[in-house]
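Values in this text are rule-based calculations from the coordinates and carry no lab data. Remember, it's a predicted structure, so these values are computed and weren't measured experimentally. Note: ideal-geometry Cβ built from the backbone for every residue, glycine included; neighbour counts use all protein chains shown.
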Amino acid sequence: MTGHWTTQGDVKGTAEWVAVSESLIGSAHVRNGTPTQDSHRTWSDGSGAVIAVADGHGYEAHFRSAVGAEVATEIAIELLSKAISELRDAVVTQERLAAVVGPALVERWTAAVLDHAGEYPFTGAEQPLQLGGSDSDIVRAYGSTVIAMVATGDVLGVLQLGDGDAVVVRADGEIFQPLPTDPDLDGTRTTSLCQPDPLRSLRCVSVDGTTDPIALGFVSTDGFGGPRVDAAGWWKQVGAELLEHAREQGFDWIASKLPQWLEEPAQYGGDDTTLAVLGNLRQLQ
């Protein structure tokens, strides 16, 4: 289990956006002796923040998906943290995510996993799992989802490819899922960075917080929401609780509690469970 907690500057003074993330290996992975397939990263410079989570598929055909997930979050954080100075408003943010960041993420992820396979050829144990020798067959071995959220000033952007959840909470308590649903998600299969045309399944959105300020947002892999009984509304409860905790206890407290909050879904759902949260401290004081 690893955690990320990123903030710079004086929390009560100059800092505005902060980020925290945590991941816990699922009980099924522990039982089967397989490593975690989830990855998470955060970045913040006070004036802006980025969070990213990824879920490697873990099936035999995707036998290097843990690496694929790590590559996905690393590239997402790098691209969005570099683009953050250009995200002046919601319109620009939407355009940049869809036309620049999303395509660059797919292109760089594909190149990176092919480079990894070149540097670390498939082992004797892995070769029987390989479905072919083409680049697409190699990329399939690293299959992963990715969700990233970026916030700066009064604007927040989200991009997603695959399953999992992204949720935004406004300062007035409104809680919503900003992204359109993916029609190709059927509860069993997920869209993926490794599919033949990943950009077809890329979803991007921006949220304007100028009039209705944004207090926080979170992204999670499907291991966090999947085991919950209230499939339609669990994310509203989580959003409301995070807002309450952030205002009453602070983000340091949330960071300390994330491992505990992940235990139940990781244990009873069996899958790796990851949650990343960013918050606007000026709306949480």
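Annotations
- Environment charge of ARG140, counting only residues whose C-beta is closer than 12 Å and scoring Lys/Arg +1, Asp/Glu -1: -2
- Calculated mean residue ellipticity, 222 nm, the chain: -9500 deg cm²/dmol, from DSSP H runs (n ≥ 4) at -39500 (n - 2.57) each, averaged per residue and rounded to 500.
- DSSP H segments from the chain that extend 20 Å or more along their own axis, Cα-based, with Kyte-Doolittle mean of 0.0 or above: 65-83, 102-119
- Calculated from backbone phi, Karplus (6.51, -1.76, 1.60) coupling profile of region 148-155 in Hz, x at Gly/Pro: 9, 10, 10, 9, 7, x, 10, 10
- 3J(HN,Hα) couplings calculated from phi for region 166-183 with the Karplus curve 6.51 cos²θ - 1.76 cosθ + 1.60 (θ = phi - 60°) are, in sequence order, 10, 9, 10, 10, 7, 5, 7, x, 5, 10, 8, 9, x, 7, x, 5, 8, x Hz; Gly and Pro show x.
- Theoretical gain in end-to-end length, SER47 to ASP135 [0.36 nm per residue, Cα-Cα removed]: 27.7 nm
- Pairs of Cα atoms farther than 33 Å apart, region 3-283, %: 18 percent
- Label-to-label distance, nm, for residues given as GLN237 and LEU114 (7 Å Cα→Cβ offset): 4.6 nm
- Additional length obtainable on full extension of the chain from GLU248 to THR123, 0.36 nm per residue less Cα span: 39.8 nm
- Size of charge dipole - region 3-283 - debye, nearest 20, with Cβ of Lys, Arg +1 and Asp, Glu -1, no other charges: 120 debye
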